[in-house]
1. Once the other residues with Cβ under 15 Å from the Cβ of Ile20 are scored (Lys, Arg +1; Asp, Glu -1), what is the net sum?
2. Set the Förster radius R0 to 25 Å, insert the Cβ-Cβ distance between Met38 and Asn6 as r into 1/(1 + (r/R0)^6), and round the FRET efficiency to 0.05.
3. In Å and from the alpha-carbon atoms only, list the Rg and Dmax of region 1-70.
4. State the extension gain, in nm to one decimal, for the chain segment bounded by Lys51 and Lys22, taking 0.36 nm per residue of separation less the distance between their alpha-carbons.
Amino acid sequence: MVKLANNKEAMASLQEMSAIMKAAGVDFTQKPSMFTMMRLSANPEFRTVAKRLMEEMKKAGIDINPENAMQMFMNGGDDSKK
């Protein structure tokens with residue numbers, strides 16, 4: 001995700017989203033439960049940041065999907081940590 005690491009706005013949104021998820025108790029070492037994801041989706045701050053992140057990623061030409069999203073959060077947008 002070099003494109004992500006080189007995009008300041010997208011990285012800021014990713015870091016903000018990660019902080020919200022950590023504050024909600026998300027464990028980045030494992031896949032979040034359905035309950036955790038539902039709780040996050042009910043959080044208006046999370047939804048706002050998620051929307052902004054998706055917009056910034058689109059602008060950067062990054063295709064995000066459920067399969068690569070968690071990996072991105074765990075690595076903080078740095079694909080060299082795989």
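1. Values: positive: Lys22, Arg39, Arg47, Lys51, Arg52; negative: Glu16, Asp27, Glu45.
Summing Lys and Arg as +1 and Asp and Glu as -1 gives +2.
2. Values: r = 33 Å, r/R0 = 1.32.
E between Met38 and Asn6, to the nearest 0.05, is 0.15.
3. Over region 1-70's Cα set, Rg and Dmax evaluate to 12.0, 33 Å.
4. Working: separation 29, 0.36 × 29 = 10.44 nm, distance 1.81 nm.
Once the chain is fully extended between Lys51 and Lys22, it gains 8.6 nm.
Values in this text are rule-based calculations from the coordinates and carry no lab data. Here the structure is a predicted model, which means the values were calculated and not measured. Cβ: placed from backbone, ideal geometry, glycine included. Neighbour counts: every protein chain shown.
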